[in-house]
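Colleague: Submitted below is the structure of interest, expressed as structure tokens.
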Protein chains: 2
Amino acid sequence: MITNKLKKVSLKSTFQRENILEYIISRKEHPTADMIYQYMLTISPCISKTTVYNTVKSLNKTNLIKSIKFLGKDEIRYDGTVDAHHHFLCEKCGRIYDIEIQCQHFKKENIDGHKINNVYAYFTGICKECKK
Amino acid sequence: MITNKLKKVSLKSTFQRENILEYIISRKEHPTADMIYQYMLTISPCISKTTVYNTVKSLNKTNLIKSIKFLGKDEIRYDGTVDAHHHFLCEKCGRIYDIEIQCQHFKKENIDGHKINNVYAYFTGICKECKK
DNA sequence: TACCAAGTTGTAATGATTACAAACAAACTA
DNA sequence: TAGTTTGTTTGTAATCATTACAACTTGGTA
Ligand SMILES: [Mn+2]
Ligand SMILES: [Mn+2]
Ligand SMILES: [Zn+2]
Ligand SMILES: [Zn+2]
């Protein structure tokens with residue numbers, strides 16, 4: 001439950017935080033800051049965009065959400081699914097799909113002598129909807 | 001040779017294009033637009049930053065270079081090595097290393113029913129220099 | 001009730017990139 | 001050769017997501 005998630009990471013529970021986190025988790029669209037803002041406006045007409053940015057920064061820092069970025073797109077997208085996974089970005093419709101792959105390099109701790117902390121990966125192409 | 005590379009993709013050979021392409025290929029730093037600009041200033045003091053952006057766009061479109069982008073960094077980096085490979089970004093010093101891995105997913109043409117055109121992947125962590 | 005810390009808000013700044021129009025240059029043509 | 005076209009370069013202005021910052025609000029606590 002949303003309130004507990006916030007509590008668990010010692011973030012004070014507020015209307016804005018609960019609803020922003022809820023929105024990011026429940027919608028699977030990997031929304032942008034502006035999409036979150038537009039949604040929040042409908043339930044909280046005076047919310048500030050700065051609050052959206054402050055909130056996603058807190059949520060991200062406490063690992064309640066992840067952020068992702070694609071080449072050629074200038075905005076960050078937010079992801080409520082925090083378990084390691086990859087993405088597929090459709091070059092035609094812009095939809096983002098979660099990709100579950102078990103990659104050999106995923107669990108590696110070192111590569112070429114460098115210590116790995118994070119792995120980022122995504123595919124682009126034409127999604128199955130757009131292929132129809 | 002640089003001139004031939006340009007010719008091969010039907011880009012007119014100019015002083016700016018030759019030197020920008022040469023710089024990106026020979027330096028292995030994956031330079032930013034501004035790094036390219038700063039270098040070009042030393043050999044062509046009146047070059048415009050717009051020329052740098054125009055040029056990397058042309059070079060990228062004709063596949064003479066690739067561009068890459070990292071989460072949390074706001075600038076695009078340019079890569080003269082166009083064969084498929086991945087990267088390692090050091091969280092401490094910011095250096096970017098090429099990573100040659102033969103990944104099972106690299107050659108795939110489809111995933112979950114989506115047609116794959118491109119694969120992007122990178123690791124972050126502490127590089128072997130910074131570990132010392 | 002008064003105070004304090006944290007959260008929220010609005011506005012201004014940042015900074016990489018793009019848009020656009022003028023200047024320039026090399027390649028064609030009459 | 002002079003004039004024309006086409007593509008390249010240049011400088012300036014705009015864009016736009018994100019951040020900085022200061023003022024305002026709120027909820028808990030003494
Ligand atoms: Mn996801
Ligand atoms: Mn590279
Ligand atoms: Zn699609
Ligand atoms: Zn390093």
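Colleague: Would you please report the Å³ per residue occupied by the convex hull of the alpha carbon atoms in the protein assembly as shown? Write down the numbers at each step before the final one.
Modeller: Numbers: hull volume 46.4 nm³, N = 264.
About 176 Å³ per residue, rounded to a whole number.
Colleague: Right, another one. Cα axis of helix A:33-43 to longest principal axis of chain A: angle in degrees, 0 to 90, nearest 10?
Modeller: So the inclination is approximately 30 degrees.
Colleague: Same structure again: Nearest the rotation axis from B to A, which residue of chain B has its beta carbon, and at what whole-angstrom distance?
Modeller: Nearest Cβ to the rotation axis, residue and whole-Å distance: B:Ala121, 2.
Colleague: Near A:Met1, within a Cβ-to-Cβ distance under 14 Å, what is the net charge of the other residues, with Lys and Arg +1 and Asp and Glu -1?
Modeller: Details: positive: A:Lys5, A:Lys7, A:Lys8, A:Arg17; negative: A:Glu18, A:Glu22.
Net charge around A:Met1: +2.
Colleague: Hey, can you list the residues from segment B:97-117 whose accessible area shrinks by 30 Å² or more with all protein chains present, relative to the chain by itself (probe 1.4 Å, no ligands or nucleic acids)?
Modeller: B:Ile99, B:Ile101, B:Gln104, B:His105, B:Ile111, B:Asp112, B:Gly113, B:His114, B:Lys115, B:Asn117
Colleague: Distances from A:Lys7 to the same position in the other copies: list them in nm, one decimal, shortest first, using label points 7 Å from Cα along Cα→Cβ.
Modeller: Label-point distances to the other copies, shortest first: 7.4 nm.
Colleague: Quick one: putting +1 on the C-beta of Lys and Arg, -1 on the C-beta of Asp and Glu, what dipole do you get for chain B around its Cα centre, in Debye to the nearest 20? The partial results should precede the final answer.
Modeller: On the way: 22 positive and 14 negative charges, 39 e Å.
Dipole size: approximately 180 debye.
Colleague: Based on C-alpha coordinates, I'd like the Rg and Dmax of segment B:83-131, in Å.
Modeller: When restricted to the Cα atoms of segment B:83-131, Rg and Dmax are 13.6, 42 Å.
Colleague: Now for a different question. Taking B:Ala84 in one copy and the same position in all the others, each labelled 7 Å out along Cα→Cβ, what are the pairwise distances from the first, in nm, shortest first?
Modeller: 2.1
Colleague: Probe radius 1.4 Å, ligands and nucleic acids ignored: give me the carbon and sulfur share of the accessible area of segment B:2-78 as a rounded percent.
Modeller: Numbers: 2170 of 4380 Å².
The nonpolar share, carbon plus sulfur, comes to 50 percent.
Colleague: Measuring label to label, 7 Å along Cα→Cβ, what does B:Lys107 give against each other copy in nm, shortest first?
Modeller: With the label placed 7 Å along Cα→Cβ, B:Lys107 yields 2.4 nm.
Colleague: While we're here: From zero outward in steps of 5 Å, how is the percent of C-alpha pairs of segment A:2-78 spread across the bins?
Modeller: Taking every Cα pair in segment A:2-78, the percentages come to 3, 16, 30, 26, 17, 6, 2, 0.
Colleague: In addition: Total accessible area buried between chains A and B, 1.4 Å probe, in Å² to the nearest 100? Let's see the in-between values first.
Modeller: Numbers: alone 8970 and 8990 Å², together 14830 Å².
It comes to approximately 3100 Å² buried between A and B.
Colleague: Okay, moving on. Could you work out how far the C-alpha centroid of segment B:40-104 sits from that of segment A:80-101, in angstrom?
Modeller: After rounding, the separation between the Cα centres reads 24 Å.
Colleague: Relative to the isolated chain, which residues of segment A:53-73 have their accessible area cut by 50 Å² or more in the presence of all protein chains (1.4 Å probe, heavy atoms, no ligands or nucleic acids)?
Modeller: Going by heavy-atom accessible area, the residues of segment A:53-73 that drop by at least 50 Å² are A:Lys69, A:Leu71.
Colleague: Helix-only estimate, please: 222 nm mean residue ellipticity of chain B, summing -39500 (n - 2.57) across DSSP H runs of length 4 or more and dividing by its residues, to the nearest 500.
Modeller: Mean residue ellipticity, 222 nm, calculated: -10000 deg cm²/dmol.
The values are calculated or read from the model by the stated rules, or taken from the named source; none is laboratory data. Quick caveat: nothing in here was measured; it's all calculated off a predicted structure. Methodologically, a virtual Cβ is constructed for each residue, glycine included, from the backbone with ideal geometry; neighbour enumeration extends over all protein chains shown. Please note that ligands, DNA and RNA were not included when accessible areas were found on the heavy atoms of the full protein model with its side chains. Shrake-Rupley method; radii C 1.70, N 1.55, O 1.52, S 1.80 Å.
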